[in-house]
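Inspection log for the structure reproduced underneath, given as structure tokens.
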Amino acid sequence: MFEGSYVAIVTPFKDDESLDAVKLKELIEFQITEGIHGIVPCGTTGESPTLSHEEHDRVVDLTIETVNGRVPVIAGAGSNSTAEALRLTKHAKAAGADGALVITPYYNKPSQNGLYAHFMKVADAVDIPIIIYNVPGRTGTDILPDTLARVAEHPNIVGLKEATGDLKRASQVMQACGEDFIMLSGDDVNTLPILSVGGRGVISVVANVAPADIAATCNAFKAGNIELARKLHYKTLSLAVDLFIETNPIPVKTALKLMGKLNGVMRLPLVPMESATLEKLRQTVEDAGLTG
């Protein structure tokens with residue numbers, strides 16, 4: 001089920017920073033019209049750290065309701081508290097999500113045995129496909145290939161969002177976990193390389209602004225048209241780089257504002273882009289033909 005391009009969708013806010021349900025529905029419709037393979041609400045790109053529990057649940061509910069079975073939904077459900085991750089995963093299941101994205105616990109930096117216990121606790125309690133999200137640059141915690149192989153023995157733990165930025169790691173994980181384990185790139189710049197070692201797709205930031213191209217990259221690779229996949233990879237490379245020119249999701253929300261799709265509002269501690277990086281992003285968005 002989980003293959004191709006899944007958009008790590010932003011969470012739109014009104015000018016007063018309250019949730020903008022209308023804009024969220026519009027963004028979801030844009031994604032589906034453009035051929036996205038799936039939607040991931042309430043990830044890092046969705047500003048999950050600043051959503052209240054009620055807002056988190058509401059975004060997941062709205063996404064599932066709006067998608068209405070047209071593509072799979074993997075609901076963000078992670079926390080540095082195992083009890084909170086368990087609550088969020090239970091909600092994802094009850095709401096009708098197709099899967100749950102569960103990040104490695106951040107800040108408290110558990111050991112490998114602690115990571116194993118964390119994911120086992122969630123997987124034992126909730127019968128839903130779980131994608132582990134490993135992004136050490138944000139969490140300060142790194143789940144290693146041997147630990148992933150251990151947790152992958154659980155039938156509910158089906159895959160990994162690989163965002164270490166280390167291409168060697170992707171191969172090591174595939175070797176340790178086997179070909180049935182679903183690896184999704186967590187870095188747009190590494191999607192094509194990860195596909196080449198057995199990955200199934202990407203949970204993409206770039207897809208927020210260029211969903212058709214990211215979906216087409218995955219489609220081309222799956223069809224064996226490696227040359228087309230490579231061309232699309234380079235077509236979107238500048239976006240993949242410059243959407244991280246400042247902390248995600250600041251640039252992607254700004255790009256959506258430049259495209260006329262959002263107001264660009266973020267919650268503190270995220271703030272508007274610096275003038276120099278804003279101009280560089282503006283040029284990249286224009287060069288990509290996204291400003292009309």
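Does segment 64-71 contain at least one residue that is charged (D, E, K, R), closer than 24 Å to N208 by Cβ, modelled with pLDDT of 95 or more and not in a loop (DSSP other than H, G, I, E, B)? Yes, segment 64-71 has at least one match.
Quick check, is T164 in a helix (DSSP H, G or I) and either aliphatic (A, V, I, L, M) or within 20 Å of the chain's Cα centre (by Cα) (or both)? Steps first, answer last, please.
Numbers: in a helix (DSSP H, G or I): no; either aliphatic (A, V, I, L, M) or within 20 Å of the chain's Cα centre (by Cα) (or both): yes.
Answer is no for this residue.
Going through segment 1-46 one residue at a time, which ones are surrounded by fewer than 24 Cβ atoms within 10 Å (Cβ to Cβ), of a type in the set (A, V, I, L, M) and in a strand (DSSP E or B)? If the condition is that a residue be surrounded by fewer than 24 Cβ atoms within 10 Å (Cβ to Cβ), of a type in the set (A, V, I, L, M) and in a strand (DSSP E or B), then L19 is the only one that fits.
Residues in segment 179-222 that are within 24 Å of R282 (Cβ to Cβ) and out of contact with any helix residue (DSSP H, G or I) (no Cβ under 7 Å at 6 or more places or on another chain) were compared, and the one that is surrounded by the most Cβ atoms within 10 Å (Cβ to Cβ) is D187. Residues in segment 178-218 that are part of a loop (DSSP other than H, G, I, E, B) and either without any contact (Cβ under 8 Å) to a residue 60 or more places away in the chain or aromatic (F, W, Y) (or both): G178, E179, D180, F181, G186, D187, V197, G198, G199.
Could you check segment 219-252 and list, in sequence order, the residues that are β-branched (V, I, T) and outside any helix (DSSP H, G or I)? Before the answer, list the steps.
Taking segment 219-252 first, the residues β-branched (V, I, T) are 226, 236, 241, 245, 247, 250, 252.
Correct list: T236, I245, T247.
When residues in segment 240-278 are screened for being closer than 18 Å to D187 by Cα, out of contact with any helix residue (DSSP H, G or I) (no Cβ under 6 Å at 6 or more places or on another chain) and either surrounded by 17 or more Cβ atoms within 10 Å (Cβ to Cβ) or not hydrophobic (A, V, I, L, M, F, W, C) (or both), 6 of them pass. Filter segment 94-143 down to residues that are touching an Asp or Glu at 6+ places or on another chain (Cβ under 7 Å) and in a helix (DSSP H, G or I) and give me whichever is modelled with the lowest pLDDT. Checking each candidate, the answer is P136.
Taking residues in segment 262-276 that are within 16 Å of T11 (Cα to Cα) and touching a residue at least 24 places away in the same chain (Cβ under 8 Å), and partners anywhere that are outside any loop (DSSP other than H, G, I, E, B) and charged (D, E, K, R), the pairs with Cβ atoms closer than 6 Å and at least 6 places apart or on different chains are M266/K253. Every condition in (1) of a type in the set (V, I, T); (2) closer than 25 Å to I28 by Cβ; (3) without any contact (Cβ under 8 Å) to a residue 60 or more places away in the chain is met by V241 except one, and the failing one is (2).
The values are calculated or read from the model by the stated rules, or taken from the named source; none is laboratory data. This structure is a prediction, so every number in the text was calculated from the model and none was measured. Please note: Cβ atoms are built from the backbone with ideal geometry, for glycine as well, and neighbour counts cover all protein chains shown.
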